[in-house]
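Chemist: Take a look at this one; I'll ask things after.
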Amino acid sequence: MKKNFPNILGIFLVTLGVLSIFRQITGIDIWKFIFPLLLVLLGLFMIFKPKINSQSKESTIRFLGEIYKDGQWNVQSQEMWLFIGDLKLDFRNALVPDGISEIHIFGFVQDLRIIEAQNVGISLHTNAFISDYRIFDQKKEAIFSNFDYKNSIYDQSVKKIDIICWAFINETRYES
């Protein structure tokens, strides 16, 4: 999935170009059909809630708002869909099983805040068009970027969490 971002972006740009050429050649304005079609597809998506990662047990979908996972909560492989909003993943008191738990996060505009636990290995991979990362005291801003981070105990840890995030605009804060 990490390597698919350039392919998805390429398909999007080619589709955009083909639709523009189609309008110039035929004179048919296909753009007036695309927005309603996107609304229909979004509605169908909200109804059927497809899972991208077949190993995920749980799927959380919010169009606008927040997803807060804090206090004592069970960490498991899951998907989180948030069109516009804030996500907070606080692992300090979370119940993390042995092995690797994958959390897939998909959104358009999102603010992701991750608070690590002392005995849990955390790996973070994000793909975003526009991004702002703050890992402890380090800050990075980027356009069309992938970002990877593993905490210092990830490789030795029995309990691991892999967070994979896809967004158009993403701000990620990682702290302890």
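The values are calculated or read from the model by the stated rules, or taken from the named source; none is laboratory data. Just so it is clear, the model here is predicted, and its values are computed rather than measured. All Cβ positions, even for glycine, are placed from backbone atoms using ideal geometry, and neighbour counts span all protein chains on display.
Chemist: With the structure loaded, tell me whether residue 63 is modelled with pLDDT under 85, over 30 Å from residue 121 (Cβ atoms), outside the structural domain of residue 123 (by TED's automatic domain parsing) and of a type in the set (A, V, I, L, M, F, W, C) or whether it fails that test. If you could, list the steps in order and put the result at the bottom.
Modeler: Working: modelled with pLDDT under 85: yes; over 30 Å from residue 121 (Cβ atoms): yes; outside the structural domain of residue 123 (by TED's automatic domain parsing): no; of a type in the set (A, V, I, L, M, F, W, C): yes.
Spelling it out, it is not the case that residue 63 is modelled with pLDDT under 85, over 30 Å from residue 121 (Cβ atoms), outside the structural domain of residue 123 (by TED's automatic domain parsing) and of a type in the set (A, V, I, L, M, F, W, C).
Chemist: Could you please tell me which pairs satisfy a Cβ distance under 8 Å, a separation of 6+ or placement on different chains, a first residue in the range 76-91 that is assigned by TED's automatic domain parsing to the domain that holds residue 66 and β-branched (Val, Ile, Thr), and a second residue that is surrounded by fewer than 20 Cβ atoms within 10 Å (Cβ to Cβ) and in a strand (DSSP E or B)?
Modeler: Going by the 8 Å Cβ cut-off, the qualifying pairs are 84/63; 84/64; 84/108; 84/109.
Chemist: Of everything in the range 70-83, what is in a strand (DSSP E or B) and surrounded by 15 or more Cβ atoms within 10 Å (Cβ to Cβ)? Give them in sequence order.
Modeler: 78, 79, 80, 81, 82, 83, listed by residue number.
Chemist: Please indicate, with yes or no, whether at least one residue in the range 119-140 is assigned by TED's automatic domain parsing to the domain that holds residue 101, surrounded by 11 or more Cβ atoms within 10 Å (Cβ to Cβ), more than 17 Å from the chain's Cα centre (by Cα) and more than 21 Å from residue 70 (Cβ to Cβ).
Modeler: Yes, the range 119-140 contains at least one residue that is assigned by TED's automatic domain parsing to the domain that holds residue 101, surrounded by 11 or more Cβ atoms within 10 Å (Cβ to Cβ), more than 17 Å from the chain's Cα centre (by Cα) and more than 21 Å from residue 70 (Cβ to Cβ).
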